[in-house]
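First up is the structure itself, then whatever we jot down about it.
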Amino acid sequence: KPDFEKNVTKRGETEVSEKHDADYGTNEDIPYTLTIKVPENVAQLKTFKVTDTTNKNQLVQNASSVKVTGIAKGEGATETKLTKETEYKVSVDPDGNGNSVMVVDFDPQTLKKIGDYAGGTITITYTSKLQSGAAIAGTGNVNTADLIYSRTTDVDKEDNDTNKPYQIEDKSVVYTFEVNIKK
């Protein structure tokens, strides 16, 4: 089973926050980091992808900001940059509710290089822009990411109710506060 974690970098910091929350103002770009511990059998899976869903009035992902790096398993392995369209594909589209959904797909059947990172780590970094309709104070602006991967290594088996892919979810929250000053 892979491990999956979503973090947000706090304003003014260069290191990823361990607390999954940060404070930003509207129209600011918010840096996110998704970290995946890749399963050993990844090359045999039919599905291996990340979806990141936001309320379109609060946050919208920037597909052109996506950068993916990987570290293969083994001592002395170094971080390498993965190539878009060769090792992964990215899309940002609305879902049925109008929310913004970013998909980073590492399709093991067409993008064979994902097997190079079996047992290693893949890191996805990107930014989302905090929209003017963002929630002020309260529960904040939640950003949910899911790692979706096949339940079986039988690539010919169709995904259905009994063979539904596994899903690991992690969230982060961005807060913004409105201040009114009277003179």
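Ranked highest first by the average count of other Cβ atoms within 10 Å around their residues, in what order do 70-83, 133-146 fall?
Ranking, from highest mean packing down: 133-146, 70-83.
Measure up Lys1/Lys46; Lys1/Lys56; Lys10/Lys89 against 24 Å on the Cα-Cα distance and list the ones that go over. Before the final figure, lay out the partial values.
Values: Lys1/Lys46 15 Å; Lys1/Lys56 31 Å; Lys10/Lys89 27 Å.
Over 24 Å apart, Cα to Cα: Lys1/Lys56; Lys10/Lys89.
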- Message: For the pair Glu75/Ala137, report the inter-label distance in nm, with labels modelled 7 Å from Cα in the Cβ direction.
- Response: 5.6
- Ile30 long-range amide H proximity, modeled H, under 5 Å: Ser128, Lys129, Leu130
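Sort 52-63, 25-36, 89-100 by packing, meaning the average of other beta carbons within 10 Å per residue, with the highest value first. If you can, show how the numbers build up before the last one.
Numbers: 52-63: 19.7, 25-36: 17.4, 89-100: 13.0.
Result, highest mean first: 52-63, 25-36, 89-100.
Report the net charge of residues surrounding Thr127, where surrounding means a beta-carbon distance below 12 angstrom and charges are Lys +1, Arg +1, Asp -1, Glu -1. Before the final figure, lay out the partial values.
On the way: positive: Lys67, Lys129; negative: Glu28, Asp29, Asp52.
Once all neighbours under 12 Å are counted, the net charge is -1.
Counting only heavy atoms of protein chains, what accessible area per residue, in Å², does the chain have with a probe of 1.4 Å? It would help to have the intermediate numbers written out before the result.
Numbers: 10030 Å² over 183 residues.
I get 55 Å² per residue for this part.
Taking the Cα centre as origin and putting +1 on Lys and Arg beta-carbons and -1 on Asp and Glu beta-carbons, what dipole magnitude results for the chain, to the nearest 20 debye?
Working: 23 positive and 29 negative charges, 81 e Å.
My answer is approximately 380 debye.
The values are calculated or read from the model by the stated rules, or taken from the named source; none is laboratory data. Just so you know, these numbers come straight off a predicted model, no measurement behind them. We place every Cβ from the backbone using ideal geometry, glycine too, and count neighbours over all the protein chains shown. Surface accessibility is based on the protein's heavy atoms, side chains included, excluding ligands, DNA and RNA. Shrake-Rupley method; radii C 1.70, N 1.55, O 1.52, S 1.80 Å.
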